[in-house]
Amino acid sequence: RDLAAGAYERLDDPKMAAATLARGAQDDNSYASRAAWLAKADDTAGLAALYAEVKAQPVAPDSQRGLLLGQLAEYLKHPDEALAWYHGVQDGPAHDDAQNRIAIVLEGRGDLAGALEILRAQHRDATASPDAQTDSFRIEAELLAKHDRKADALAAYDRGLAFFDGDPALLYGRALLL
């Protein structure tokens, strides 16, 4: 099933790749792959159906599934549901990504201050993964730049680079901003 779905992806038919993977038993990896392929195909109806399917499954607080549900809700433009799912991811590796997504959703709802508060807490969280922390600096800078606060955005990149010296994503983002 995975090989057949991969073949459809290589044939540039992500919708068929998702349909192929939908056959048989499902887990968090298959749900995530289906979501990615349906998003690539811009299949909103397929994503809505997948969202309903995944919502019907049990969700553990530390599960990738809660993060996926938040991402699906966010893609489907249900920010309140997205926030609820992201806040439900209490610990584990998905927690850090959920925190960054919460900030993006808050900014999208017009709450830049709330978004920055979440991101800056992520900067200071010693339990957060380095990748999530790097992403939080990058996201902060991008949100500030989006709001025409270039000097603040540059300062966010500089703070991130002070912690993650030479990080390519932060260096690239800063270079683009400059």
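The values are calculated or read from the model by the stated rules, or taken from the named source; none is laboratory data. Just so you know, these numbers come straight off a predicted model, no measurement behind them. Please note: Cβ atoms are built from the backbone with ideal geometry, for glycine as well, and neighbour counts cover all protein chains shown. With ligands, DNA and RNA removed, areas are computed over all heavy atoms of the protein, side chains included. Shrake-Rupley method; radii C 1.70, N 1.55, O 1.52, S 1.80 Å.
Can you list the trypsin sites (Lys or Arg not before Pro) in the range 49-124 that are in a DSSP coil and have 14 or fewer other beta carbons within 10 angstrom?
Working: sites: Lys55, Arg65, Lys77, Arg101, Arg109, Arg120, Arg124; in loops: Lys77, Arg109.
Of the trypsin sites (Lys or Arg not before Pro), the ones in loops of the range 49-124 whose Cβ has at most 14 other Cβ atoms within 10 Å are Lys77, Arg109.
Solvent-accessible surface of the chain, averaged per residue with a 1.4 angstrom probe and all protein chains in place: 53 square angstrom. Rolling a 1.4 Å probe over the protein heavy atoms leaves Ser129 with an accessible area of roughly 40 Å².
How much net charge surrounds Leu112 when only other residues with a Cβ under 15 Å from its Cβ are counted (Lys, Arg +1; Asp, Glu -1)? Write down the numbers at each step before the final one.
Working: positive: Arg109, Arg120, Lys146, Arg149, Lys150; negative: Glu107, Asp111, Glu117, Glu140, Glu142, Asp148, Asp152.
Charge balance near Leu112 sits at -2.
Once you reduce the range 103-177 and the range 38-74 to the center of their Cα atoms, the two points are 26 Å from each other. Comparing mean-square fluctuations of Glu140, Glu53, Glu81 from a GNM of the chain with C-alpha springs under 10 Å, the top value falls on Glu53.
Out of the total accessible area of the chain (probe 1.4 Å, heavy atoms of protein only), what percent is carbon and sulfur? Walk me through the numbers on the way to the answer.
Values: 5120 of 9430 Å².
Result for the chain: 54 percent of the exposed heavy-atom area is carbon or sulfur.
Dividing the mean sequence gap of close Cα pairs (under 8 Å, 6+ apart) by how many residues the range 30-178 holds gives a relative contact order of 13 percent.
Against the main long axis of the alpha-carbon atoms of the chain, helix 64-75 sits at an angle near 80°. The C-alpha atoms of the chain define a longest principal axis, and helix 168-177 lies at about 70 degrees to it.
Between 0 and 90 degrees, the angle of helix 79-88 with respect to the longest Cα principal axis of the chain falls at about 90 degrees. Lys and Arg at +1, Asp and Glu at -1: add these up for the other residues within a Cβ distance under 9 Å of Ser30 and post the number. Result for the local shell: -1.
For the residues Ala98, Ala56, Ala128, a GNM of the chain with alpha-carbon springs under 10 Å puts the largest fluctuation on Ala56.
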